[in-house]
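> Handing you a structure now.
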Amino acid sequence: GLALTGALAYSIYELRHPVEQTEPDPEKKTLVILGTGWGSVSLLKKLDTENYNVVVVSPRNYFLFTPLLPSCTTGLIEHRSIMEPIRNILRQKKASVKFYEAEATKIDYEKRVVYINDDSEIKGDISQTELPFDMLVIGVGAENATFGIPGVKDHSCFLKEVNDAQNIRKRIMDCIETAMFKDQSDDEVKRLLHMVVVGGGPTGVEFAGELQDFFNDDLKKWIPEIQHNFHITLVEALPNVLPMFSKQLIDYTESTFKEESISIRTKTMVKNVTDKYIQAEITNPDGSKTLETIPYGLLVWATGNAVRPVIRDLMGQIPAQKDSRRGLAVNEYLVVNGADNVWAVGDCAITNYAPTAQVAGQEGAFLARLFNTMAKTDEIEKELAKLSEQQSQAKSGDDRNQVLDEIRERQKQLRRTKQMGPFQYSHQGSLAYIGKERAVADISWLSGNIASGGTLTYLFWRSAYLSMCFSSRNRVLVAMDWVKARVFGRDVSR
Ligand code: NAD
């Protein structure tokens, strides 16, 4: 125990007092990395930064552990527990890395510059400038899809960033307190306490589960008056929720939601959103369609990803991207098709895989390996050039043979480093929390698939997510949040 505490204390000390970093070297190539999400941060983690002048640009100066974001909407987890400052991450690198908190507003491919814009509240003398690059990694993610449906942007909450989760948390309590206001009509109370989630993907399902937990564990105890009217509805256009999971786990999720009295409305496509109700088109069993008006207090919109304008603009500059719709088309080394020395990772890149954190993380790690290898190759090639000069100047045959041996050795090394294969995704499985201390998992370990759901899976889900947290600091904070909520309940203040 004592040894363990000592080791932990030392590793924390080491993290807080890293070694001096080497300064940027203008001789080296400038590698610009856009974004601080799963793709970019996993690249940064494994990249040998001494090989390049690395510059990171993102409007978010932290990494966000998104799998636990739904838990922030109910205050089960405090948002700071799942944020890791990018400065902390960069501080651990051997060579210093520049970070600009800014949004990349335009990438000019021909000129090889990125235009960056500091859109924080406090403005310095310069808040807009350009950043030249030799190499560029784009990991800016995607934005929320609204499909141009009227009213969505104005009236619903999304669930992508920290402030989205905070908005939802406030809105839940707003709805409840307003419903409890003196002389409120029954219909209005019902409307305000109707929590509607649009989109039956993992985001929508996990949020609905967390919200129902909040109601069962805390809300109905603190505010018993809401008991009979608080209700969650999950709306999905397709015939079932969680299409990426197996049939068995879909059934398990649907029956758990039934037990929890969360309504699932499948084959229901939202067409219009106002401040008080949504209008949805329902496909009836006989194929006919009806339009229904559903009043709501809180509306959470979780219908997946759309391409960001900066990406769409770049796609317009590159002829090879003409036929791509959903994002940047990349080759098997994640090079953006038709763009030299530009790579894309995560949700802004189109691969054969779903746009998940797992995929983005592996893509980032792959690029780190690729860039480390490229630097190594450059180094060997330089040495080879030097050696062949030595060879031509060698006086005796013995000298020449010795140099020749060394050349052969280097050439062997070069072949080995150049052998790096293309990106291959290794799927570790899908996991989703569905509420009521239950989770579903499709896990592809070793051989065969394990599909499981239930409390044991939930414990596995908790420990898996805990171990995936970015740092020990995050891990400790998340574990403490869980304990805190168990002991004291969630905080219901607005
Ligand atoms: P998604 O794309 O997986 O699901 C969106 C759902 O919204 C779809 O099922 C779609 O049919 C439905 N939809 C679209 N328009 C609609 C409309 N007008 N009315 C009703 N329904 C409509 O989106 P997501 O859940 O945000 O997930 C995005 C990505 O992130 C996915 O690849 C997902 O696998 C991944 N993800 C994974 C996890 C996890 O593994 N636990 C958690 C969150 C997200």
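> Return the lysines within reach of Lys412: Cα separation strictly under 21 angstrom, same-chain partners fewer than 8 residues apart disregarded; answer none if there are no such residues.
Within the straight-line limit of under 21 Å, Lys412 reaches these lysines: Lys376, Lys382, Lys386.
> Step through the residues of segment 270-283 one at a time and calculate ³J(HN,Hα) from phi using the Karplus curve (6.51 cos²θ - 1.76 cosθ + 1.60, θ = phi - 60°), rounding each to whole Hz and writing x for Gly and Pro.
Computed from phi, the couplings for segment 270-283 are 6, 10, 7, 10, 10, 5, 10, 8, 10, 10, 10, 9, 9, 8 Hz.
> Also: So how do Thr283, Thr457, Thr268 line up by other beta-carbon neighbours within 10 Å, fewest first?
Listing Thr283, Thr457, Thr268 from fewest to most nearby Cβ atoms yields Thr283, Thr268, Thr457.
> Are there any trypsin sites (Lys or Arg not before Pro) in segment 70-139 that are in a DSSP loop and have at most 16 other Cβ atoms within 10 Å? List them by number.
Taking segment 70-139 and a limit of 16 other Cβ atoms within 10 Å, the loop trypsin sites (Lys or Arg not before Pro) found are Lys94, Lys111, Lys123.
> For segment 122-132, what does the Karplus curve 6.51 cos²θ - 1.76 cosθ + 1.60, with θ = phi - 60°, yield as ³J(HN,Hα) per residue in whole Hz, taken in order and with x for Gly and Pro?
8, 10, x, 4, 10, 10, 9, 7, 10, 10, x
> How large is ³J(HN,Hα), in whole Hz, for each residue of segment 296-306 in order, when computed from phi with the Karplus curve 6.51 cos²θ - 1.76 cosθ + 1.60 and θ = phi - 60°, using x for Gly and Pro?
Result, ordered by residue: 9, x, 10, 10, 10, 9, 9, 9, x, 9, 9 Hz.
> Over segment 1-138, what is the relative contact order in whole percent, taking alpha-carbon pairs under 8 Å and six or more residues apart?
Dividing the mean separation by the residue count of segment 1-138 yields 28 percent.
> How would you order 412-425, 308-321 from highest to lowest mean count of nearby Cβ atoms within 10 Å?
In decreasing order of mean packing, 412-425, 308-321 become 308-321, 412-425.
> Further, regarding this structure: Counting other Cβ atoms within 10 Å of each Cβ, which chymotrypsin sites (Phe, Trp or Tyr not before Pro) in segment 314-376 have at most 16 and sit in a DSSP loop?
Tyr333, Tyr353
> For segment 313-451, with the dipole built from +1 on Lys and Arg beta-carbon atoms and -1 on Asp and Glu ones, taken about the Cα centre, which of Gln358, Ser396, Ala441 lies farthest toward the positive end?
Among Gln358, Ser396, Ala441, the one farthest towards the positive end of the dipole of segment 313-451 is Ala441.
> With +1 on each Lys and Arg Cβ and -1 on each Asp and Glu Cβ, how big is the dipole of segment 337-486 about its Cα centre, in debye rounded to the nearest 20?
In total the dipole reaches around 600 debye.
> What residues qualify as long-range amide H neighbours of Asn53, i.e. H under 5 Å apart, gap of 5 or more or another chain, H built at 1.01 Å from N?
So Asn53 has HN proximity to Lys29, Thr30, Leu31.
> Assuming a strict under-16 Å limit between Cα atoms, what lysine pair count do you get for segment 1-138 once near-sequence pairs (fewer than 8 apart, same chain) are dropped?
Taking the Cα cut-off of 16 Å, the pair count is 9.
> Round to the nearest 0.05 the FRET efficiency obtained for Asp174 and Asp134 when R0 = 51 Å and r is the Cβ-Cβ distance.
Efficiency for this residue pair is about 0.55.
> Say R0 is 41 Å: what FRET efficiency, to the nearest 0.05, do Lys382 and Glu14 get from their beta-carbon distance? Mind showing how you got there, number by number?
Details: r = 34 Å, r/R0 = 0.82.
Efficiency, rounded to the nearest 0.05: 0.75.
> Moving on. Residues with amide H under 5 Å of Ala344's amide H, sequence separation 5 or more or different chain, H placed in the peptide plane at 1.01 Å from N; which?
Hits under the 5 Å cutoff: Ile138, Val336.
> Counting other beta carbons within 10 Å of each Cβ, put Asp183, Asp398 in order, fewest first.
With the sparsest Cβ surroundings first, the list reads Asp183, Asp398.
> Compute the distance from the alpha-carbon center of segment 388-467 to that of segment 210-251, in whole Å.
Computed from Cα coordinates, the inter-centre distance equals 39 Å.
> When the convex hull of the Cα atoms of segment 30-103 is projected onto a plane and the area is averaged over all directions, what value comes out in nm²? It would help to have the intermediate numbers written out before the result.
Numbers: hull surface 19.7 nm².
Result: a mean projected hull area of 4.9 nm².
> With charges only on Cβ, +1 for K and R and -1 for D and E, what is the dipole size of segment 87-223 about its Cα centre, in debye, rounded to 20?
The dipole magnitude comes to about 520 debye.
> Based on the Cα coordinates of segment 255-297, what is the per residue volume of their convex hull in Å³?
Numbers: hull volume 3.3 nm³, N = 43.
Spread over its residues, the Cα hull of segment 255-297 gives 77 Å³ apiece.
> Pulled fully out, how much extra length does the chain show between Glu121 and Thr290, if you take 0.36 nm times their separation in residues and subtract their Cα-Cα distance?
56.2 nm
> List the residues, sorted by chain then number, that are 5 or more residues from Val235 or on another chain and whose placed amide H is less than 5 Å from its amide H.
Placed amide hydrogens put Val197, Val198, Gly199, Arg265 under 5 Å from Val235.
> Where does each of Glu254, Glu409 land when they are ranked from fewest to most other beta-carbon atoms within 10 angstrom?
Glu409, Glu254
> Looking at the calculated P(r) for the chain, what percent of the C-alpha pair distances fall above 44 Å?
On the way: 28605 of 121771 pairs.
Within the chain, distances greater than 44 Å cover 23 percent of Cα pairs.
Since every read-out is calculated from the coordinates, none of them should be taken as a lab result. Remember, it's a predicted structure, so these values are computed and weren't measured experimentally. Because the Cβ atoms are built from the backbone with ideal geometry, glycine has one as well, and the counts that use them run over all protein chains shown.
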